[in-house]
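See structure below.
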């Protein structure tokens, strides 16, 4: 079984501060995919990034960056120079490919980010 | 490309009734997944349909069912509604083949059961 834990339930920062969201996952599979999604107040989940278990290279995309460490089963996400529009709930998710069994996402509990002006 | 659409956006039903929710995926996507989001249980996977076949199912009672049509549109049905079924129901579409690619979510249907 898979499990995703986001220990931080809520983070409050002032605009322009950096925000790092923690994510720890559990799976016995060697092939898996990790995702981050953003859920603004409107309710729609917005895809942000995807990484597979074979690629631990950390990247930066605009103000977003992520740190994937298989040794600690962590997939942390950072927003640099936060803006008020970044206020949302952020979800980390895990998917394990199973032949002919599709594409199921296991989500963490989410971290609410509040960016104050 | 148009995004994932879900109808209706809001619904109020009474205990014991049944409800049908609809989801239209992104054009070209053949997989549709359904998730339930509640404050207590978070986001939970209900089921996934690909090419009109259910190929994955979460841990929900048989009152929750779904189907997919030949144009990839999907419907989800909940029979004999209970108060605990009040939730945001999210539909997601993806290509459905190959690796678990990202799923694109619709705005959701907020169901309130009274």
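Find the residue count for the stretch A:45-78, including only residues that are over 15 Å from the mean Cα position of the chain (by Cα) and at pLDDT below 90.
4
Looking at (1) exposed (fewer than 15 other Cβ atoms within 10 Å of the Cβ); (2) touching a strand residue (DSSP E or B) at 6+ places or on another chain (Cβ under 8 Å); (3) at pLDDT 95 or above, find the lone condition where residue A:16 falls short.
The one condition residue A:16 does not meet is (2).
Among B:22, B:31, which is modelled with pLDDT of 95 or more and either closer than 18 Å to residue B:68 by Cβ or in contact with a helix residue (DSSP H, G or I) (Cβ under 8 Å, 6 or more places away or on another chain) (or both)? Explain how you work it out, then say what you get.
On the way: B:31 fails: modelled with pLDDT of 95 or more.
B:22 is the lone residue from the list that is modelled with pLDDT of 95 or more and either closer than 18 Å to residue B:68 by Cβ or in contact with a helix residue (DSSP H, G or I) (Cβ under 8 Å, 6 or more places away or on another chain) (or both).
Given the residues B:62, B:40, B:66, B:84, which is the only one that is out of contact with any strand residue (DSSP E or B) (no Cβ under 9 Å at 6 or more places or on another chain) and farther than 19 Å from residue A:93 by Cβ?
Working: B:40 fails: farther than 19 Å from residue A:93 by Cβ; B:66 fails: out of contact with any strand residue (DSSP E or B) (no Cβ under 9 Å at 6 or more places or on another chain); B:84 fails: out of contact with any strand residue (DSSP E or B) (no Cβ under 9 Å at 6 or more places or on another chain).
Criteria check complete, one pass: B:62.
Residues that are away from chain A (no Cβ under 13 Å) and without any contact (Cβ under 8 Å) to a residue 24 or more places away in the chain, at least 1 per element: which strands (runs of 3 or more DSSP E) completely within the stretch B:5-114 meet that?
On the way: elements: B:5-7, B:10-13, B:19-24, B:31-38, B:42-50, B:53-57, B:64-68, B:74-78, B:87-94, B:109-113.
By residue number, B:64-68.
Which residues, taken from the stretch A:71-117, are exposed (fewer than 13 other Cβ atoms within 10 Å of the Cβ) and more than 8 Å from chain B (Cβ to nearest Cβ)?
A:71, A:72, A:81, A:83, A:84, A:85, A:99, A:116, A:117
The values are calculated or read from the model by the stated rules, or taken from the named source; none is laboratory data. Quick caveat: nothing in here was measured; it's all calculated off a predicted structure. In this analysis, Cβ positions are derived from the backbone assuming ideal geometry, glycine residues included, and neighbour counts consider all displayed protein chains.
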